[in-house]
């Protein structure tokens, strides 16, 4: 898999670097996964509202 490909292509002659790499991999494996907070975005279904928002962007930045 992807991890085996990464490990196969690493050549390190310094044992300290290898120890640091292994420690980093172990800490990444045991680190808690952060959950993302939901965004405050809303879905726009009204065509007039969408057009108003798009026109606001064009007016602000100018037509190209």
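The values are calculated or read from the model by the stated rules, or taken from the named source; none is laboratory data. Source: prediction; values computed, not measured. Cβ coordinates were reconstructed from backbone atoms using ideal geometry, including for glycine residues, and neighbour counts include every protein chain displayed.
The figures follow:
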read-out: Only one of 58, 33, 44 that is without any contact (Cβ under 8 Å) to a residue 40 or more places away in the chain and touching a helix residue (DSSP H, G or I) at 6+ places or on another chain (Cβ under 8 Å); value: 44
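For every residue, the table says whether it meets (1) part of a helix (DSSP H, G or I); (2) surrounded by fewer than 10 Cβ atoms within 10 Å (Cβ to Cβ); (3) in contact with a strand residue (DSSP E or B) (Cβ under 8 Å, 6 or more places away or on another chain); (4) modelled with pLDDT under 90.
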| position | (1), (2), (3), (4) |
| --- | --- |
| 13 | no, yes, no, yes |
| 16 | yes, yes, no, no |
| 24 | yes, no, no, no |
| 40 | no, yes, no, yes |
| 44 | no, no, no, yes |
| 54 | yes, no, no, yes |
